[in-house]
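Structure first, then comments.
The values are calculated or read from the model by the stated rules, or taken from the named source; none is laboratory data. As the structure is a prediction and not an experimental result, all values here were calculated from the model. Positions of Cβ are generated from backbone atoms using ideal geometry, with glycine treated the same way; all protein chains shown enter the neighbour counts.
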Amino acid sequence: MDESLLEVDVEPLSSSSSSLAKRWEVLVMGEMKKVSYIAMPMVVTTVSQYMLRVISMMMIGHLGELSLSGASIATSLTNVTGFSLLFGMSSALETLCGQAYGAERYQMLGIYTYGAIISLLLVCIPISVLWIFTERLLILIGQDPLISHEAGNYSIWLIPTLFPYAILQLLIRFLLAQSLIYPMLLSSVAALVFHIPISWLLVFKFKIGSAGAALGIGLSYWLNVVLLGIYVKYASSCEKTRISFSQHVFPSIREFFRLGIPSAIMICLEWWSYELVILLSGLLPNPQLETSVLSICCRSVLGYAFGEEKELVDYVKDMVPLLSLSVLMDCLAALFSGVARGVGWQHLGAYVNLGAFFLCGIPMACVLAFVFHWRGKGLWTGLTTASLLQGLMLMMITFFTNWKKQARAARQRTIEGRSQLTIE
C-alpha cells in the first residue's frame with residue numbers, strides 16, 4: 001500500500017481533531033468564566049447568610065452546653081418545620097423567573113415575585129403558631145425536658161426571623177434570574193458585618209442569652225431585605241423587571257403553588273434528613289454532647305469557638321473528616337439538583353430524594369448509630385451515603401435527558417403562560 005496515501009489521510013484527520021479540541025477548549029473556558037462570574041459571588045453571598053446562624057451558635061456555645069444543645073435542637077426543628085419549607089417553595093421562582101427572563105417576558109418576573117411574597121408570608125403564619133409549642137412537641141417525642149425548654153425559648157424568638165427570611169429568598173431568586181449577583185453580595189456582607197456586634201450586644205452586654213442570638217438573626221435578615229428592596233425599587237438594572245402589584249399577581253399565585261409544593265417536597269426531603277439526624281442524636285447516650293457536636297462542623301481549633309469543654313472539642317475533631325467527605329458528596333448532589341429545579345423537575349427530584357435519604361440513608365444511619373453503636377459517626381455515615389446516591393441518580397437522569405425535547409417543552413410552557421397572563 002502506498003504510504004503517501006496514509007499520510008494524506010492521517011494528516012487532515014489529525015488537524016481536524018486538533019481543531020475540534022481547540023474549539024472545545026475555548027467553549028469550556030468560556031463557560032467556566034460565565035459560571036465563575038456568578039458562582040464566586042454567590043459563594044460569598046451564601047456563606048455570609050449562613051454565617052449569621054453560625055455566629056449566633058458560636059456565641060450561644062459560650063453560654064454553656066445546655067444552651068448550645070437547646071439551640072441546636074431548636075435549629076433542627078425550625079429548619080424542618082419552617083425554614084426548609086420556605087426555602088423549598090421559593091425555589092419555584094428558579095423555574096418561573098428563569099424561564100420568563102429567557103423568554104424576554106420581563107414584567108412577569110415582578111409579577112411572579114410579588115405573588116410568591118404574598119404566598120410565603122401567608123405560609124409563615126401557621127409556622128409561627130407551631131413554633132410557639134416547640135417545647136411541648138419536643139417533650140412529646142421523648143427529648144430531654146431541660147433541652148426542650150431551652151429549645152422552646154429559642155424557637156419563639158426565631159419567629160420574627162421567618163418573615164424576612166421568606167422575602168429574602170424570593171428576592172435572591174428574582175435577582176439571580178437576571179444575573180444581578182453583586183447587589184446580593186454587598187447586602188449579605190453588610191448584614192453579616194451588622195450581625196456580629198448586634199448579636200454580641202444582645203447576648204452578652206444586655207444578657208438576653210440565646211434569645212438575643214435569635215433576635216440578632218432576625219434583625220440581620222431584615223437589614224438584608226431592606227437593602228435589596230431599595231436596590232430593586234430604584235436601580236436602573238431592574239427597570240424592566242421591577243416588582244409591582246397588578247391584577248395578574250393573583251393568578252400567578254396559583255402558578256407559584258403548582259411548582260412551589262413539589263419544590264418544597266424536593267428540598268424538604270433532603271433537608272429534613274439532616275435535621276432528623278440532629279433530633280435522633282438527642283436519643284443517644286449523653287445527648288447534650290451529641291447534639292452539640294453534630295451542630296458544629298469544625299475541627300480541633302475551631303471547636304473552641306463553640307465552647308470550652310475538651311470533650312466537645314475532641315469529639316468535633318474526630319467527626320470533621322467524615323463531615324468533609326459529606327461536603328464533597330453534597331457538591332455533586334447540589335449541582336444536579338440545581339439542574340432539576342431550573343428545568344422544572346421538582347416532582348422527579350422529590351422521588352429521588354425520598355429514595356436516597358428516607359429509604360436508604362436514614363435507615364442506614366439508625367442501624368450504624370444504635371445497633372453498631374457508632375453514635376454520631378454512624379448517623380453522619382448514613383447521610384453521606386444518601387447524598388452520594390442522590391447525586392448519582394440525578395446525574396444519570398441529566399445525562400440521559402433529551403434536551404432538545406426539554407427546550408421545546410419549555411417554549412410551549414412560555415407560550416401557554418403568555419396566553420394566561422397577558423400584560424396589558
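Odds and ends about this structure:
- The single residue among Gly344, Gly303 that is in contact with a helix residue (DSSP H, G or I) (Cβ under 7 Å, 6 or more places away or on another chain), under 28 Å from Ala92 (Cβ atoms) and at pLDDT below 80 turns out to be Gly344.
- For region 382-424, a residue qualifies if it is assigned to a helix (DSSP H, G or I), among the β-branched types (Val, Ile, Thr) and at pLDDT 65 or above, and the qualifying residues are Thr384, Thr385, Ile397, Thr398.
- From Gly102, Gly98, Gly142, residue being surrounded by fewer than 22 Cβ atoms within 10 Å (Cβ to Cβ), modelled with pLDDT under 90, among the small types (Gly, Ala, Ser) and over 18 Å from Thr241 (Cβ atoms): Gly142
- Hits in region 44-88 - residues which are farther than 30 Å from Ile265 by Cβ, aliphatic (A, V, I, L, M) and assigned to a helix (DSSP H, G or I): Ile55, Met58, Met59, Ile60, Leu66, Leu68
- Test for Leu185: is it part of a helix (DSSP H, G or I), free of Cβ contacts under 8 Å to residues at least 24 places away in the same chain and surrounded by fewer than 22 Cβ atoms within 10 Å (Cβ to Cβ): no
- If you go through region 232-252 and keep only what is surrounded by 19 or more Cβ atoms within 10 Å (Cβ to Cβ) and either hydroxyl-bearing (Ser, Thr, Tyr) or assigned to a helix (DSSP H, G or I) (or both), you end up with Val232, Cys238, Thr241, Val249, Ser252.
- Any hit, region 395-404, residues being over 17 Å from Tyr274 (Cα atoms), of a type in the set (S, T, N, Q) and out of contact with any helix residue (DSSP H, G or I) (no Cβ under 6 Å at 6 or more places or on another chain): yes
- Among the residues making up region 125-139, a single one is buried (at least 20 other Cβ atoms within 10 Å of the Cβ) and more than 13 Å from Gly70 (Cα to Cα): Trp131.
- All positions within region 106-151 that are in a helix (DSSP H, G or I), touching a residue at least 60 places away in the same chain (Cβ under 8 Å) and either touching a strand residue (DSSP E or B) at 6+ places or on another chain (Cβ under 7 Å) or farther than 24 Å from Val232 by Cα (or both): Thr134, Leu137, Leu138, Leu146, Ile147, Ser148, His149, Glu150, Ala151
- Count of region 252-277 residues which are under 12 Å from the mean Cα position of the chain (by Cα) and β-branched (Val, Ile, Thr): 1
- Of all residues in region 204-227, none satisfies being within 16 Å of Pro41 (Cβ to Cβ), out of contact with any His (no Cβ under 8 Å at 6 or more places or on another chain) and not in a helix (DSSP H, G or I).
- Count of residues meeting criterion [polar (S, T, N, Q) and either under 12 Å from Leu158 (Cβ atoms) or surrounded by fewer than 18 Cβ atoms within 10 Å (Cβ to Cβ) (or both)] in region 37-75: 3
- Filtered residue count, region 347-381, keeping only those that are closer than 15 Å to Ile267 by Cα, buried (at least 24 other Cβ atoms within 10 Å of the Cβ) and at pLDDT below 90: 1
- Failed item, numbered, when Val193 is tested on (1) surrounded by fewer than 19 Cβ atoms within 10 Å (Cβ to Cβ); (2) in contact (Cβ under 8 Å) with a residue 60 or more places away in the chain; (3) assigned to a helix (DSSP H, G or I); (4) not acidic (Asp, Glu): (2)
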